[in-house]
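Novice: Dropping a structure here in structure tokens format, bear with me for questions.
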Amino acid sequence: MTDFFKGIPAITYEGPETSNEFAFRHYNPDEMVMGKRMEDHLRFAIAYWHSFAWQGGDPFGGQTFDRPWFGETMDLARLKADVAFEMFDILGAPFFCFHDADVRPEGEDFATSTRNLEEIVDYFEAKMESSKTKLLWGTANLFSHRRFMSGAATNPDPDVFAYAGATIKTCMDATHKLGGGNYVLWGGREGYETLLNTDLTREAEQAGRMLSMVVEYKHKIGFEGTILIEPKPQEPAKHQYDYDVATVYGFLKRFGLENEVKVNIEQGHAILAGHSFEHELAMAASLGILGSIDINRNDYQSGWDTDQFPNNVPEMALAYYEVLKAGGFTTGGTNFDAKLRRQSLDPEDLILAHVGGMDACARGLKAAAAILEDGTLEAMRAERYAGWNSDEARKMLSGEYDLDDLEAYVRSSGLNPEPRSGKQERLENLVNRFV
């Protein structure tokens, strides 16, 4: 045991009336929600990068955190892992997620970095034998190092493309060895700063080939998890190719990968794309590519991705409503891609941020389940489209009618349709009964 979380107890459920801040008020792992344990619905994961690797910088200032494991040695990487698994145990977290650069020091060359990663993976494997925490997903950091300043898969230099692919392979190997449920690709630098030096067609082909190789390698090694792309519209690049769910789906269709790859959707990225979180979830479910979620929130007064812990229960309710309506998570889950504010320096802050986020998600989940079980919202949605159940309406969509037939139908029936209320306020009032 390390001393970092000394004096902080394991967090347990005490119910909504407790005054103990080191307790769950709403997240009860064993509570049954729609026939499934709450823990199995939510599938919480801790993000290694924000919780243990982030140093507290922002666009206007550097490091504020002073953690005892900060540094570029293997001993410190192992200390970081010790602290991480202690935190997982305190929270009872079922999963965690990581990038290669989060868990191992950067080596002087590819071989050294890979050896460092393999050593830490072995260390993780040993620690996981005595922990309930499993790996939700792994990924490669292909954006922080200066070699990736012009992209990874979309880089104009084929040597960088090769280095990126080799790095992805080592991270897929690590994820596979640790029994990860998914492998995520986030194109942090896959975009452009200016069209003056960018060949859009070439870069798309490069990205498509890299993703195809990822899928091919998944099958080659027998990885049974899901390959996920995480959409993001901007920041750091002015325009990134994985802008939102619909854009990613178009990319997958272009390269014949729509049945091989799903999406990991982050709330903050949805906001940056000009969408709501529930919009992106509903779109992914509609397209059959909903995989997993990163849970956080943005500061609506700031113009960048602030990655704050979730605390807005109505937002969480609408998000989990879409997840539940889509059938819930399979290999995916709820990853806390959220970081402390740079003024929140204490170990207690790190624990309590997750406690609050887990409680907010639990309240949102229960509200979503109650709305779905009530059935009124779906009944009103079905009523709005009920006209499409008629024989004439079915012919319109089945190919039996062309435009001439539609004109004949309108004339013969004397159609003169009037608008019908969308009942938006009534539906908003309905939702507010549960949140």
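Novice: Take residue 12 and residue 299, extend 7 Å from each Cα along the Cα→Cβ direction, and tell me the distance between the two endpoints in nm.
Specialist: So the two model labels end up 3.8 nm from each other.
Novice: Here is a follow-up. Return the distance in nm (one decimal) between the two label points of a simple spin-label model at residue 224 and residue 373, each offset 7 Å from Cα along Cα→Cβ.
Specialist: Roughly 3.1 nm, to one decimal.
Novice: While we're on this one: How many Å² of accessible area per residue for segment 36-145, probe 1.4 Å?
Specialist: Here the residues of segment 36-145 average 39 Å² of exposed surface.
Novice: Tell me the chymotrypsin sites (Phe, Trp or Tyr not before Pro) within segment 328-409 that lie in a loop according to DSSP and have at most 14 other beta-carbon atoms within 10 Å.
Specialist: 385
Novice: With each pseudo-label sitting 7 Å past Cα toward Cβ, what's the residue 254-residue 392 distance in nm, one decimal?
Specialist: With each label point 7 Å from Cα toward Cβ, the separation is 4.2 nm.
Novice: Give the average over all directions of the projected area of the C-alpha convex hull of the chain, one decimal, in nm².
Specialist: 25.1
Novice: At 222 nm, what value in deg cm²/dmol follows for the chain if DSSP H runs of at least 4 each add -39500 (n - 2.57) and the sum is divided by all its residues, to the nearest 500?
Specialist: Helices in the chain give a 222 nm mean residue ellipticity of -14000 deg cm²/dmol.
Novice: Can you list the equivalent-ellipsoid semi-axes of segment 184-334, largest first and in whole Å, using the square root of 5 times each Cα gyration tensor eigenvalue?
Specialist: Working from the Cα gyration tensor, I get semi-axes of 25, 21, 12 Å.
Novice: Placing +1 on the Cβ of each Lys and Arg and -1 on the Cβ of each Asp and Glu in the chain, which of 176, 154, 318 has its Cα farthest towards the positive end of the resulting dipole?
Specialist: Final value for the positive-end residue is 318.
Novice: Still on this structure: Rounded to two decimal places and with Rh computed the Kirkwood way over Cα pairs, what is Rg over Rh for segment 349-425? Could the numbers behind the result be given before it?
Specialist: Numbers: Rg = 22.4 Å, Rh = 16.9 Å.
Taking Rh as the inverse mean 1/r over Cα pairs, Rg/Rh reads 1.32.
Novice: Still on this model: When DSSP assigns beta bridges and you keep just the ones with both residues in the chain, what percent turn out antiparallel, to the nearest 5? Working shown, then result.
Specialist: Working: 6 of 34 bridges.
Of those bridges, close to 20 percent are antiparallel.
Novice: While we're here: Once the Cα atoms of helix 245-254 and of the chain are each reduced to a long axis, what angle between those two axes, in degrees from 0 to 90 to the nearest 10, is obtained?
Specialist: 90
Novice: Packing-wise, with mean Cβ within 10 Å as the measure, how do 375-384, 114-123 rank, highest first?
Specialist: 114-123, 375-384
Novice: Taking all protein chains together and a probe of 1.4 Å, list 304, 49, 69 from the most accessible to the least accessible.
Specialist: Reading off the accessible areas and sorting them downward yields 304, 49, 69.
Novice: Relative to the present Cα-Cα distance, how much length would full extension add between residue 425 and residue 239 at 0.36 nm per residue of separation?
Specialist: Numbers: separation 186, 0.36 × 186 = 66.96 nm, distance 3.57 nm.
Between residue 425 and residue 239, full extension yields an extra 63.4 nm.
Novice: Report, largest value first, the span of the C-alpha coordinates of segment 307-435 along each principal axis, in whole Å.
Specialist: 75, 30, 26
Novice: Treating segment 293-380 as a set of equal point scatterers at the Cα positions, no solvent, please give the Debye-formula log₁₀ I(q)/I(0) at q = 0.16, 0.21 Å⁻¹.
Specialist: -0.69, -1.02
Novice: With a 1.4 Å probe and all protein chains in place, put 219, 26 in order of accessible area, largest first.
Specialist: 219, 26
Novice: Separate question: Could you sort out which of 134/177; 262/325; 169/238; 232/262 sit more than 19 Å apart by Cα distance in this structure?
Specialist: Beyond 19 Å: 169/238.
Novice: Find, among the GluC sites (Glu not before Pro) in segment 145-234, those assigned to loop by DSSP (not H, G, I, E, B) with at most 13 other beta-carbon atoms within 10 angstrom.
Specialist: 224
Novice: OK, next. So, by mean Cβ neighbours within 10 angstrom, what's the order for 32-45, 309-322 with the highest one leading?
Specialist: Most protected by this proxy first, the peptides run 309-322, 32-45.
Novice: Just the accessible area for residue 177, please: 1.4 Å probe, Å², rounded to the nearest 10?
Specialist: Probe radius 1.4 Å; accessible area of residue 177 about 100 Å².
Novice: Now a separate question. Per the 1.4 Å probe, what fraction of the accessible area of the chain, in percent, lies on carbon and sulfur atoms?
Specialist: Answer for the chain is 50 percent, counting heavy atoms of protein chains only.
Novice: On each of the three principal axes of the Cα atoms of segment 63-182, give max minus min coordinate, whole Å, ordered largest first.
Specialist: The Cα atoms of segment 63-182 stretch 46, 33, 23 Å along the principal axes, largest first.
Novice: Within segment 55-80, name every residue whose backbone N is under 17 Å away from a label modeled 7 Å from Cα of residue 344 along the Cβ vector.
Specialist: Residues 55-58, 64-67 qualify, since their backbone N sits under 17 Å from the label point.
Novice: How long is segment 3-77 along each principal axis, judged by its Cα atoms, biggest number first, in Å?
Specialist: 46, 31, 26
Novice: Calculate how steeply helix 110-128 sits against the longest principal axis of the alpha-carbon atoms of the chain, using the helix alpha-carbon long axis, and give the answer as 0 to 90 degrees to the nearest 10.
Specialist: Helix 110-128 and the main axis of the chain meet at about 80 degrees.
Novice: Residue-wise, which Karplus ³J(HN,Hα) couplings in Hz belong to segment 166-176, taking 6.51 cos²θ - 1.76 cosθ + 1.60, θ = phi - 60°, and x for glycine or proline?
Specialist: Calculated HN-Hα couplings, in order: 5, 5, 4, 4, 5, 6, 5, 4, 5, 4, 5 Hz.
The values are calculated or read from the model by the stated rules, or taken from the named source; none is laboratory data. These figures come from a predicted structure and were not determined experimentally. Cβ coordinates were reconstructed from backbone atoms using ideal geometry, including for glycine residues, and neighbour counts include every protein chain displayed. Side chains are part of the model used for accessible areas, which takes the heavy atoms of the whole protein and leaves out ligands, DNA and RNA. Shrake-Rupley method; radii C 1.70, N 1.55, O 1.52, S 1.80 Å.
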